[in-house]
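Undergrad: I have a structure here, written as structure tokens, and I will follow up with some questions on it.
The values are calculated or read from the model by the stated rules, or taken from the named source; none is laboratory data. This structure is a prediction, so every number in the text was calculated from the model and none was measured. FYI the Cβ positions are ideal-geometry reconstructions off the backbone, even for glycines, and counts take in every protein chain you see.
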Amino acid sequence: MLSSILWTHVLSFLDDKALINVFYTSKGMRMMIKKQICRWKEIQIGIGMAKWIQKNVEIVIQVHVQEMQNQTIRRSVDMRVPPRVQSVWIERGTIESEESRHGVVGSFYVAPNQRLIHVEFDCSKSVPRPMALHTINLARTLYTTLSLMVCGKEIRRHLYHKQIGDLEAINIADKYAWTQAGGVMRYDVANRDKTCQLKLGLPAHLDGMVDCYYIDMVACTLHKHELFPVQYYNLDVSPMSTNIHLEFCNLTQDKCFVRKSIPCEFNLEIPQSNSMPPNQENPETRTGIENFEIARFKSTFQPILHDIAFLSTPGRIAMTIRHSGKDYYHAVMFHNGTRSSPSNNLTLEAFWVPGVLEYSMFPDTLDRRLLKGTFSCELAADGALISLVVLAQHLSIARLQRYAARISSYCRKEV
């Protein structure tokens, strides 16, 4: 009996009539041909997906301008009390000459059942070369934004800004661990969940003390749902059962070790608002603290993860949280491998970004705060999942409208 590889070459040279005759030869031949046809369809879908991504996905790099202005805030109804003066940064738009667009480089394949998509953008050959900068000169600030676009629509944005940005330098220990695990890029800057990473170069006329670098490469790891948005639903206040679909892959993304669907219980913890009682003489002085809601997902089943040795090295996790066909979250995150706990079990932790809270304290200003998300699981030595806990900060639409704020997220979009 010929091997499957040889049969593939033989069948590729047959015409329609000869293929039909072979199909009716035996049951084994029919099963083999059906399996090969399904494989061919999967290859066609994967190649078509990759070509669609190369054609429609691009990254836009821009330089934004901020100017400092002094705002006066009244402290009392008594006119003899001088107002408080506060300096704020006003957004003045972008510098058109510094904008650059870059398409996906390299050839890759996207399997139909694959949720992780890794794309890279080569910026080293652009003229002028794009720069990652955050400089302050007296009352003016320049900072860089990276916008990932699909068919001309922005699906995520990253800022290189010390106060309101989400891109920061990677420490040496993580660089070394990723290199040992097979990472091919020289990672310099990344966001919190490490799904957007930059390879930087130092301009010849500047030194390392100036926060201004060339952007040579940009690598983004996406969830497939980001490219094809699905309808997301608001989180229910009452407890309910959900399913968390997980994929564990290595850094090079050439192998997916485990795909598991784990039943979980969902709870939304709604804290009480700590508002201070208003002052009858001066109601403008009323202040308060608004706490985040906490979405908690905890496993209710203990499946077995076979061959957990692969989790000892850094890798990637693709997560989708669903309930009755409704999607609530999807996320991609990097992890640094498992660690031993005092109980001789293995723990795996990772951070992800449920969204970015954007608001304005003054007109034409921008304030951003990253919502925190954690992923933690504990495994026994035989691979049994002891516990899985996923936490995410959350704010309901009603509370956002109260402060004219919004959530910008590439993990979920509420309807």
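Undergrad: Tally the residues that are surrounded by 14 or more Cβ atoms within 10 Å (Cβ to Cβ) and among the β-branched types (Val, Ile, Thr), restricting the search to region 49-93.
TA: 9
Undergrad: With a cut-off of at least 3 residues that are in contact (Cβ under 8 Å) with a residue 12 or more places away in the chain, in contact with a helix residue (DSSP H, G or I) (Cβ under 9 Å, 6 or more places away or on another chain) and farther than 17 Å from GLU67 by Cα, name the strands (runs of 3 or more DSSP E) lying wholly within region 87-188.
TA: Values: elements: 100-103, 116-122, 131-137, 140-150, 153-160.
Counting at least 3 such residues, we get 116-122, 140-150.
Undergrad: Inside region 332-367, can you point out the residues that are part of a strand (DSSP E or B) and over 30 Å from THR300 (Cα atoms)? Give the steps one after another, and end with the answer.
TA: Of the residues in region 332-367, the ones part of a strand (DSSP E or B) are 332-335, 339-340, 346-352, 356-359, 367.
Once the filter is applied, which keeps residues that are part of a strand (DSSP E or B) and over 30 Å from THR300 (Cα atoms), region 332-367 yields LEU357, GLU358, TYR359, ASP367.
Undergrad: From the list GLN69, GLN54, GLN62, exactly one residue is modelled with pLDDT of 90 or more, in contact with a strand residue (DSSP E or B) (Cβ under 9 Å, 6 or more places away or on another chain) and assigned to a helix (DSSP H, G or I). Which is it? Break it down stepwise before answering.
TA: Numbers: GLN69 fails: assigned to a helix (DSSP H, G or I); GLN62 fails: assigned to a helix (DSSP H, G or I).
Result of the check over GLN69, GLN54, GLN62: GLN54.
Undergrad: Now for a separate question. Being touching a residue at least 40 places away in the same chain (Cβ under 8 Å) and either farther than 17 Å from LYS224 by Cβ or not basic (Lys, Arg) (or both), is that true of even one residue in region 24-42?
TA: Let us first name the residues in region 24-42 that are touching a residue at least 40 places away in the same chain (Cβ under 8 Å), namely 42.
Right, trim to either farther than 17 Å from LYS224 by Cβ or not basic (Lys, Arg) (or both) and you get 42.
Checked against the condition, which is being touching a residue at least 40 places away in the same chain (Cβ under 8 Å) and either farther than 17 Å from LYS224 by Cβ or not basic (Lys, Arg) (or both), region 24-42 yields at least one hit.
Undergrad: Now, a different point. For region 368-415, which positions are among the acidic types (Asp, Glu) and either closer than 23 Å to THR300 by Cβ or in a loop (DSSP other than H, G, I, E, B) (or both)?
TA: Step one: of region 368-415, the residues among the acidic types (Asp, Glu) are 378, 382, 414.
Answer for region 368-415, where residues must be among the acidic types (Asp, Glu) and either closer than 23 Å to THR300 by Cβ or in a loop (DSSP other than H, G, I, E, B) (or both): GLU378, ASP382.
Undergrad: Within region 285-322, how many residues turn out to be of a type in the set (A, V, I, L, M) and either modelled with pLDDT under 90 or not assigned by TED's automatic domain parsing to the domain that holds ALA392 (or both)?
TA: Taking region 285-322 as the starting set, the residues that turn out to be of a type in the set (A, V, I, L, M) are 289, 294-295, 304-305, 308-309, 311, 317-319, 321.
Filter once more, keeping what is either modelled with pLDDT under 90 or not assigned by TED's automatic domain parsing to the domain that holds ALA392 (or both): 289, 304-305, 308-309, 311.
Of the residues in region 285-322, 6 are of a type in the set (A, V, I, L, M) and either modelled with pLDDT under 90 or not assigned by TED's automatic domain parsing to the domain that holds ALA392 (or both).
Undergrad: Working only within region 11-36, note down all residues that are surrounded by fewer than 11 Cβ atoms within 10 Å (Cβ to Cβ), outside any loop (DSSP other than H, G, I, E, B) and among the hydrophobic types (A, V, I, L, M, F, W, C).
TA: The one that is surrounded by fewer than 11 Cβ atoms within 10 Å (Cβ to Cβ), outside any loop (DSSP other than H, G, I, E, B) and among the hydrophobic types (A, V, I, L, M, F, W, C): MET31.
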